[in-house]
Amino acid sequence: MEIDEENNENKGGMWDLEQKLDQPMDEEAGRLRNMYREKKFSTLLLLRLAYQSLGVVYGDLGTSPLYVYNNTFPRGIEDPEDVIGALSLIIYSLTLIPLLKYVFIVCRANDNGQGGTFALYSLLCRQAKIITIPNQHRTDEELTTYSRSTFHEHSFAAKTKRWLEAYPYRKNALLILVVVGTCMVIGDGILTPAISVLSASGGIKVDHPKMSNDVVVVVAVIILVGLFSLQHYGTDRVGWLFAPIVLLWFLLVGGIGIYNIWKYDSSVLRAFSPVYIYRYFKRGKRDGWTSLGGIMLSITGTEALFADLAHFPVSAIQLAFTVVVFPCLLLAYSGQAAYLMQNTDHVVDAFYRSIPESIYWPVFVIATLAAIVASQATISATFSIIKQALALGCFPRVKVVHTSKKFLGQIYIPDINWILMVLCIAVTAGFKNQSQIGNAYGTAVVIVMLVTTLLMTLIMLLVWHCHWVVVLIFTVLSLVVECTYFSAVLFKLDQGGWVPLVIAAAFLVIMYVWHYGTVKRYEFEMHSKVSMAWILGLGPSLGLVRVPGIGLVYTELASGVPHIFSHFITNLPAIHSVVVFVCVKYLPVYTVPEDERFLVKRIGPKNYHMFRCVARYGYKDLHKKDDDFEKKLFDNLFMFVRLDSMMDGCSDSDEYSLSGQQTQHSRDYNGNSSTANIELSYSSMDTIAPAKCHPQGNSTITSSGHESSQTEVDELEFLNSCRDAGVVHILGNTVIRARRESRFYKKLAIDYIYAFLRKICRENSVIFNVPHESLLNVGQIFYV
């Protein structure tokens, strides 16, 4: 931690001893850095990927024509010229936000192909020390997926970095901003299925005007229950259907748009002139302004577009949007506008009434299927962003199921799925109409866009190193457009716009309280870890009987001996012959390659038989809950022992190292001067840099390495025998309580909300798939 580094000079010899016996893992983690670059694709493959992206990325954006005009003119159309003004606003909204901002700018800010607010946050965390859980180590930066850029010390980017790192409240403010954006995406996951399916189901009533609206709601609820019930199968089995459905949908709405323009009024094409926007606002100042809340629904799904980047290159996304999505949407909205110019009283069901009668039912079926695909895309994006939040310590531990063997990003979260379903049905059955759900939807979407704009400002400065003038232009233009929409949706807070705010507030409290409790637990572990002097003072037996077997002590610390271990050995009469401290930590990277996942090192002298193993994961990685994790852990442990033993046979010539000469002397716990244990030093190419070997006691190590080999065999046999004797998983259960003198809000957050979340979330023993008979829980209470 930074606090430890600042006080290095004041800690004296004891600190030196502890550092030499429990050394950082710089050498073990040395890897060549491999910056991500998008692969070059052949034209045919690019076309195929662009086609496939239609079903995954553009479903939500593509179903907006179902409900835009209805929400833009909830009280009807007074002047046909208002339709031209609204169409002009839709055209330029689609051009500025999805096309220019997202497809050509924001999508380039992906984290190795991953999109969403937490992906942007991860990019920033690698550029500046802004992560609020300080469990990172400089060795993590050597990962091949840990890409980061450098900049001049006096550059504007460096000044921005120092400004962000200066005070903790700025880091917390940035985290809250990201969490707010995440909460709004969760709101999208509730509102998108509600409005899409309800709007599509509304086509039944158009053909049967006397039908009650309750029947439409019941049909929508049945479809929603079916949609959420099938989530556990994943999209892999039916995903091949999504692309043709959405492509057919875009071609249909585009073709119907051309037909309506030709049949009703081709003069609507004059809406491409922005002058009609000015005239629209001039005619009806307040009504024109509030109607922006409906206009904004034409760009809903844009954030889902960014969140669902995972499986497609940016070039495929750009090709699909510019060639298919953008022109078809413009034709669809223009065609509806042409129809409304002649039929102003049909604005409530503008989409279905503008369909030629001969193809009405086929279009209805395709519209319903497209609404389901759009809902699926948003639900998948919600699962993905919650998984990212969970990995970065901002969401309670929930069960994550990997539904596809081919695609890492296809996951299913049962608890969240059923919560989304209940809330989605409540919204659909509670409001019963598109207008109020549309108002709620618009509020959620515009807030996510504002969050993305603010994060993109930092990305452009710290990651892309853009000139501050370019950043200012982007930020000002984006904020002008989005704040205009935001001011419009504020007028509709009492007409349904409050719903996403309530949902987001509930998730914000859950996520922030969980993160606060997680940080406090880590700080407690960090500040109360056991000193190596105390461990050495116990001797090789640790003051207990060493029984055959291996004890895996799970801890959140990547360095040092956790306090829970001292609690364990002072209350029990025996400890295992081999003790391995296991730390599973998530890094702000999308994935950690398998061959770089585990770091192993020895703690203390060899005869203590104590090791540390750090397992590192990215926010897209899934922790295997089977024997594979334990097997890989022991494989890496045995490999470390072999490499460690090789150092015993090194030459007795003067020491040398690839990273520079460094003699390490210390004093043992009896006060006698000695040389620190053999250190493994690896270069970036995984070679071993020999160091001078000093004999200990009466043993003499020859340069031939014969005794070294025998020592290696003996230790490996010892480890294998201990493993055969049994493996026990020791889990710490640190309970947090608020102090008596704490303020009311802290007691409420810690003693009630956090305690409740800890009670209902998954236990570590379940996550690690620990057999009940091999589990040992050690509890302690910590007051904040």
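The values are calculated or read from the model by the stated rules, or taken from the named source; none is laboratory data. Keep in mind the model is a prediction, meaning the values are calculated, not measured. For neighbour counting, all protein chains shown are included, and Cβ atoms are generated from backbone atoms with ideal geometry for every residue, glycine included. Heavy atoms of the whole protein, side chains included, go into the accessibility calculation; ligands, DNA and RNA do not. Shrake-Rupley method; radii C 1.70, N 1.55, O 1.52, S 1.80 Å.
Residues in region 90-117 that are assigned to a loop (DSSP other than H, G, I, E, B) and crowded, with 21+ Cβ neighbours inside 10 Å: ASN110, GLY115, GLY116. Looking only at region 43-75, residues that are part of a loop (DSSP other than H, G, I, E, B) and buried (at least 24 other Cβ atoms within 10 Å of the Cβ) come to 3 in all.
Looking only at residues in region 440-449 that are closer than 14 Å to GLY497 by Cβ and open to solvent by less than 10 Å² (accessible area, probe 1.4 Å), the one that is modelled with the highest pLDDT is VAL446. Across region 566-603, the number of residues qualifying as aromatic (Phe, Trp, Tyr) and touching a residue at least 40 places away in the same chain (Cβ under 8 Å) comes to 3. Would you check if there is a residue in region 401-417 being of a type in the set (D, E, K, R), without any contact (Cβ under 8 Å) to a residue 40 or more places away in the chain and within 30 Å of ARG521 (Cα to Cα)? For region 401-417, residues of a type in the set (D, E, K, R), without any contact (Cβ under 8 Å) to a residue 40 or more places away in the chain and within 30 Å of ARG521 (Cα to Cα): present.
Taking the conditions (1) within 29 Å of ALA381 (Cβ to Cβ); (2) aromatic (Phe, Trp, Tyr); (3) open to solvent by 10 Å² or more (accessible area, probe 1.4 Å) in turn, TYR146 satisfies each one other than (3). Taking ILE130 as the residue in question, decide whether it is in a helix (DSSP H, G or I) and open to solvent by less than 20 Å² (accessible area, probe 1.4 Å). It is false that ILE130 is in a helix (DSSP H, G or I) and open to solvent by less than 20 Å² (accessible area, probe 1.4 Å). Against the numbered list (1) touching a residue at least 24 places away in the same chain (Cβ under 8 Å); (2) among the β-branched types (Val, Ile, Thr); (3) within 24 Å of VAL221 (Cα to Cα), ILE355 comes up short only at (3).
If you filter region 537-563 down to residues that are within 21 Å of ASN733 (Cβ to Cβ) and touching a Ser or Thr at 6+ places or on another chain (Cβ under 7 Å), you find that the one that is least open to solvent (accessible area, probe 1.4 Å) is PRO562.
When region 549-562 is filtered for residues that are closer than 16 Å to LEU776 by Cβ and not in a loop (DSSP other than H, G, I, E, B), the ones remaining, listed by number, are GLY549, ILE550, GLY551, LEU552, VAL553, TYR554. Taking region 500-538 as the range and being over 30 Å from GLN436 (Cβ atoms), of a type in the set (Ser, Thr, Tyr) and in a helix (DSSP H, G or I) as the test, the residues that pass are TYR516, THR518, TYR522. When you check ARG642 against the structure, is it surrounded by fewer than 19 Cβ atoms within 10 Å (Cβ to Cβ) and touching a residue at least 40 places away in the same chain (Cβ under 8 Å), yes or no? Spelling it out, ARG642 is indeed surrounded by fewer than 19 Cβ atoms within 10 Å (Cβ to Cβ) and touching a residue at least 40 places away in the same chain (Cβ under 8 Å).
Matching residues to (1) buried (at least 19 other Cβ atoms within 10 Å of the Cβ); (2) modelled with pLDDT of 80 or more; (3) not aromatic (Phe, Trp, Tyr):
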position	(1), (2), (3)
ALA391	yes, yes, yes
ARG397	no, yes, yes
SER404	no, no, yes
PRO414	no, yes, yes
GLY430	no, yes, yes
VAL451	yes, yes, yes
LEU458	yes, yes, yes
CYS466	no, yes, yes
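Scan region 476-484 and tell me whether some residue there is exposed (fewer than 14 other Cβ atoms within 10 Å of the Cβ) and farther than 30 Å from GLY294 by Cβ. No, there is no match, as no residue in region 476-484 is exposed (fewer than 14 other Cβ atoms within 10 Å of the Cβ) and farther than 30 Å from GLY294 by Cβ. If you go through region 756-784 and pick out every residue that is crowded, with 16+ Cβ neighbours inside 10 Å, modelled with pLDDT of 80 or more and either part of a strand (DSSP E or B) or out of contact with any helix residue (DSSP H, G or I) (no Cβ under 6 Å at 6 or more places or on another chain) (or both), you end up with 1. What are the residues in region 301-335 that are over 21 Å from the mean Cα position of the chain (by Cα) and either closer than 19 Å to GLN410 by Cβ or open to solvent by less than 20 Å² (accessible area, probe 1.4 Å) (or both), if any? Within region 301-335, ALA316, ALA320, PHE321, VAL325, CYS328, LEU329, ALA332, TYR333, SER334, GLY335 meet the criteria. For region 733-755, the set of residues classified as of a type in the set (S, T, N, Q) and in contact with a Lys or Arg (Cβ under 8 Å, 6 or more places away or on another chain) consists of THR734 only.
Annotation note: of TRP240, TRP262, the sole residue that is open to solvent by 70 Å² or more (accessible area, probe 1.4 Å), in contact with a helix residue (DSSP H, G or I) (Cβ under 9 Å, 6 or more places away or on another chain) and modelled with pLDDT under 90 is TRP240.
Number of residues in region 485-527 that are buried (at least 21 other Cβ atoms within 10 Å of the Cβ), touching a Leu at 6+ places or on another chain (Cβ under 8 Å) and at pLDDT below 85 equals 1.
Note on region 297-381: no enclosed helices (runs of 4 or more DSSP H) hold 3 or more residues that are at positive phi. In the set (1) surrounded by 20 or more Cβ atoms within 10 Å (Cβ to Cβ); (2) assigned to a loop (DSSP other than H, G, I, E, B), the condition left unmet by LEU124 is number (2).
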